[in-house]
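Here the structure comes first, spelled out in structure tokens, and everything after it is commentary.
The values are calculated or read from the model by the stated rules, or taken from the named source; none is laboratory data. What you see is a predicted model; the values in this text were computed from it and never measured. A quick note on method: Cβ atoms are made from the backbone with ideal geometry, for glycine too, and the neighbour counts reach across all protein chains shown. Note: accessible area is taken over every heavy atom of the protein model, side chains too, but ligands, DNA and RNA are not part of it. Shrake-Rupley method; radii C 1.70, N 1.55, O 1.52, S 1.80 Å.
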Amino acid sequence: MIYSLRNILRLHRKRNTFSRFNQTRASNSTENGNENKTQDEKKDFKSLFEQHKDKIIFNSYLENEKIELGYFKYHVKTITRAKRMEAKRFEEKKLPPLPVALQYYVEKDRLLEEETVEEGEESARNFQLPFRRTTDVKIREDDVKIHDKSEQVKKEFDRSNINKWMTNYEYFDDTRLSMYEYENDDVLESDWCKNYGTADPSIPISNVNCGGCGALLHCNDPAIPGYLPSELFKGREIEELKTMECQRCHFLTEYNIALDVTVQPEEYEKLLQSIRHVKSLVLLMVDLLDFPCSIWPGIVDIIGPDRPLFIVANKVDLLPGDSIGYLKRIKQSLMSEIKKTKLKEANIKYVALISAKTGYGVEDLISAMFKIWLYKGDVFLVGCTNVGKSSLFNALLQSDYCKVHAVDIVKRATVSRWPGTTLNLLKFPINRPSGWKIRERSNRLQSDAKLLKAEKEIRKEQLSGKKKTEVPSLIGHIGRTFNQYEVFSDNIAEKYQPLTVLDEKHELFRKSKWFYDTPGVILPDQVLSLLSTEELLQTIPKNLIRPQTYYLHKGSTFFIGGLARVDLFDCTDACRFTIFCSEHLPITVVKTEVADEIYDKFVGTELFAVPSGGSERLKNWSGLQRKEVNINFTGEGPKFCCGDIVLSSIAWVSVTAKKDTPCVVTAWTPEGRGIHRRYPSLLPYSINLKGKRVRDTPAYMLGKVYTEDDEN
């Protein structure tokens, strides 16, 4: 057989590179000393797994294809893959030897050096804890005090290490840099080039809010929210500043980088205390993936029990439907948990299930606010971090709820993967719901409903008989009614004047009521404050959740990543556990007697995925702590979940047991946070979504997910 020179060189390059790379790693580990060698071997996943694989009953990371394909298809795929690998090895063995003259052309040293650099960079990664400080939300009855600004100034802020400032601002002034280049050839050594933007504490703080996070713009300190470099801040008119965003928001939106800023917990309380003194409606937002941990009962102490309150439950699009009427059962489960808190004393007027991301339920929420609240006063959007307040703010900004003249001049709130980005009050003027506006809006909604129904029927016909490649989720459309109408106020036609920035004193907005987006609070019961940015991305679900079901006996334990652990402490018959978590968190099943050993050995490796970040991260990891009181359930049959185990922002687990039989479990989370028993279950029929049992494992295949199309 004749081989081309290019193929011979390519195959030999691979063979020689990997062999030399392994030899170099072995020699480097010998030179590093016995202590480093012991530490490296401790977290070497392959060697650890070979030593302890008999103690691991199942892991969804290692056997993901089994629960996706089933045992038989997985067996066929494994055999096909093995045959392909064997044929490839056979082809490599038939290669003629590489001539000596061509060995220098392979450039083995260069390839080896690139691999070594990547290995070093991976081990030296840094991590960041965006929520290391929780918010004190305890409101004292006699607390309506105004904090002295001098006391706040005494508190020094930790300065952020800003290596480089962006250069794509429209008004960036680089004359100072040119002067440095002219006077000093060694410009890279100057402090100016290291920061590429300097702070100037002598410049007073502006009265202009950042359009992304709401903080007042200034150039005093990079660690304080609202910071802009003095080169961008100086000499700007108020109109110019209103079009700019702070450094933190710019990094979030352009580069997905979260800068470390300091916000005092007292500031949150001070901002929200103003709600007491104005006639207003409060929208309390709740995360359906994390309640009761995301329910903020302390809001009653701030707003009082008589103020009207809307409960807005977000992220319904991420919940898989279990049967017909599952949205009603979700609302019932939410209200049962709310009644267990101080919110039972609140004046709850409406409960909405929405998705601020897909728009589902937002139009119904707008109609409810127009109908119930009318135009009586301002509206405040409050809640914990990561519940989607800024996303809802942006959705309402582009809807009928915002005044037509302000839609294009109010900047959107900063929405990012890092919760807690809103640092002050963002606002837009509310559209006045006069009679003709309500009539025109109702006509538009009826017309849209007919179109959506027709589209749904067409889509159902197109998908009939075809395999669904993606799991569908709830989607809604947010429209605008008044674009084509001339807006009237007090029965007098106002002449439209194009505006570039929002001016509260303008005649269009002077008498307006306002919708406010407030900062989110971090409750001590949430696990978010213990996770780094990379870990948050793996922990918080972004797509519709596919539940995983496991069949476990007494004395079994399963881990959800490295963030949670559940022990089946006592049961008369085997129980089924349906786990709802991010697809990036692997599920590991072991015996309870070896659970501590397995966790200590594999924490920080890909077997658990989270926590991640190497040995430096593990030094700051708090580990798992158990809840002192066991969680008890009573079985309600094989086709009905008898309750949920809530594990803060990590996951929740639905329990299914034989009718009238007990099931006692013990739950573990970081520092024992956010462990609750929830009854009734959020999705009580989710056990019926499981697929077939995978042979020789406790796992079931991923099953179907109920959709609205199945009702017909």
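Extending 7 Å from the Cα toward the beta-carbon at both I205 and S336 defines two label points whose distance is 4.7 nm. With a threshold of 32 Å on the Cα-Cα distance, the over-threshold entries among K342/K619; K344/K513; K349/K450; K450/K542; K357/K601; K46/K619 are K342/K619; K357/K601.
Taking the average, over residues, of other Cβ atoms within 10 Å as the packing measure, peptides 609-616, 354-361 rank 354-361, 609-616 from highest down. Projected onto its three principal axes, the C-alpha set of region 548-640 covers 46, 27, 19 Å, listed from the longest axis down. Note on Y71/R276: beta-carbon distance plugged into 1/(1 + (r/R0)^6) with R0 of 41 Å gives a FRET efficiency of 0.10. Taking amide H positions as modeled 1.01 Å from N, with prolines and chain starts lacking one, the residues under 5 Å from W514 and 5 or more places away or on another chain are D378, V379, I430.
With the convex hull constructed from alpha-carbon coordinates only, region 603-712 shows a mean projected area of 9.6 nm² over all directions. Subtract the Cα-Cα distance of E534 and N347 from 0.36 nm times their separation in residues, and report this length gain in nm to one decimal. Length difference between fully extended and current span is 63.4 nm. Peptide packing for 426-435, 445-454, 560-569, 238-247 was compared via the average number of neighbouring C-beta atoms within 10 Å per residue; ordered from the highest value, the list is 560-569, 426-435, 238-247, 445-454.
All distinct Cα pairs of region 365-406 go into the 1/r average, and the inverse of that average, the Kirkwood radius, is 11.5 Å. Each part gets one Cα centre, and for region 302-381 versus region 635-669 those centres are 26 Å apart. With a Förster radius of 41 Å applied to the C-beta separation of K371 and I458, the computed FRET efficiency comes to 0.80. Inter-label distance, N64 to A574: 2.6 nm, where each label sits 7 Å from its Cα along the C-beta direction. Sorting 83-96, 320-333 by average packing, meaning the other beta carbons within 10 Å per residue, from highest down gives 320-333, 83-96.
For the set H52, H584, the ranking by accessible area, highest first and with no ligand, DNA or RNA atoms included, is H584, H52 under a 1.4 Å probe. Compared with the direct C-alpha span, the chain from K639 to R81 gains 197.1 nm at full extension, assuming 0.36 nm per residue. Loop-located GluC sites (Glu not before Pro) in region 502-570 (DSSP state other than H, G, I, E, B) with a sparse environment of at most 15 neighbouring Cβ atoms within 10 Å: E504, E507. Take every Cα pair under 8 Å whose residues are at least 6 apart in sequence, average their separation, divide by the length of region 576-624, and the relative contact order is 28 percent.
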